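K.L.:
The structure that follows is given in the form of structure tokens.
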């Protein structure tokens, strides 16, 4: 009956080294390890020190065995010169590996390849062809790689699906939406916080997008509001919002988070951000913005009539509720 062969483990190699040091015969060692005599002979022959002298050391023998096994499974992805020349020629023409592999299937060639084989050939054997790939990444990402988080990185995250209905229909004041407006030209960002019912807006410049900065800026902007105007804040899933629990502790608010990649979940703040972009287009260097300019835009937003408010301004709506002083 044929039995499956298994390579010696590191534990077995440790025992072999100890038994070998006791000058036991190879047959005795094989019996103790419950291995065949030929297996022990092969192990000492293959994984002995390179110069065939010195002691058998288990960790070095194991390293040699693993390294040799890795080399053994590595083989050329494109085996013939004709196939390699064809793939290289089409890559230079701007063809993708998928197109090349599909085209080869149309030929009466014995060689058949896949686009994955072409990618492996390029990254392992001919990296000079990487610039001809569409993405041209210097180091290939692992298959299945994603920049998205597989799990939420925000502690105690509560989905917007659990937000009370009264917040959704805008019948109660004190529920806010928060976001940031970024610029590719600078590290500073703008923080924008909008009250859902009155559309009253706080706009502030932050030196960076770090969570601690986000928290301190929200607290400073909203701490002077009466408690009835500090009920909840809806955020997106950015890492700048991970300290939302500390905000809640100071302001007495509750936190809710949008569904991933669903900007309409916080439509009020998205609308206000679009108006801010009229004054500060996408290429604006926020590092050069003064706080006075930012506050001027904030005043413009809060004193601009809105159709959804019956052509009242956000400041007037909040003032009528007694939340703001004239």
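The values are calculated or read from the model by the stated rules, or taken from the named source; none is laboratory data. All values reported here derive from a predicted model rather than from experimental measurement. Neighbour counts run over all protein chains shown; Cβ positions are idealised from the backbone, glycine included.
K.L.:
Scanning for something at pLDDT below 95, buried (at least 21 other Cβ atoms within 10 Å of the Cβ) and within 23 Å of the chain's Cα centre (by Cα), does the stretch 190-210 turn up at least one residue?
P.N.:
no
K.L.:
Here's another thing I want to ask about it. Considering only the stretch 19-56, how many residues are exposed (fewer than 14 other Cβ atoms within 10 Å of the Cβ), at pLDDT 85 or above and within 22 Å of residue 66 (Cβ to Cβ)?
P.N.:
Number of matching residues: 4.
K.L.:
Also, I was wondering about something else. Go over the candidates 259, 228 one by one and state the one that is modelled with pLDDT under 95 and touching a helix residue (DSSP H, G or I) at 6+ places or on another chain (Cβ under 8 Å).
P.N.:
After ruling out the rest, the residue left standing is 259.
K.L.:
Let me ask something else about it. Among 218, 181, which is the only one that is crowded, with 17+ Cβ neighbours inside 10 Å and under 24 Å from the mean Cα position of the chain (by Cα)?
P.N.:
When all the criteria are applied, what remains is 181.
K.L.:
Considering only the stretch 253-264, I want to know if a residue exists there that is assigned to a helix (DSSP H, G or I), touching a residue at least 60 places away in the same chain (Cβ under 8 Å), in the same structural domain as residue 209 (by TED's automatic domain parsing) and within 23 Å of residue 222 (Cα to Cα).
P.N.:
No: zero hits.
K.L.:
Here is a further query. So is residue 188 in contact (Cβ under 8 Å) with a residue 60 or more places away in the chain and outside the structural domain of residue 316 (by TED's automatic domain parsing) or not?
P.N.:
The answer is no for residue 188.
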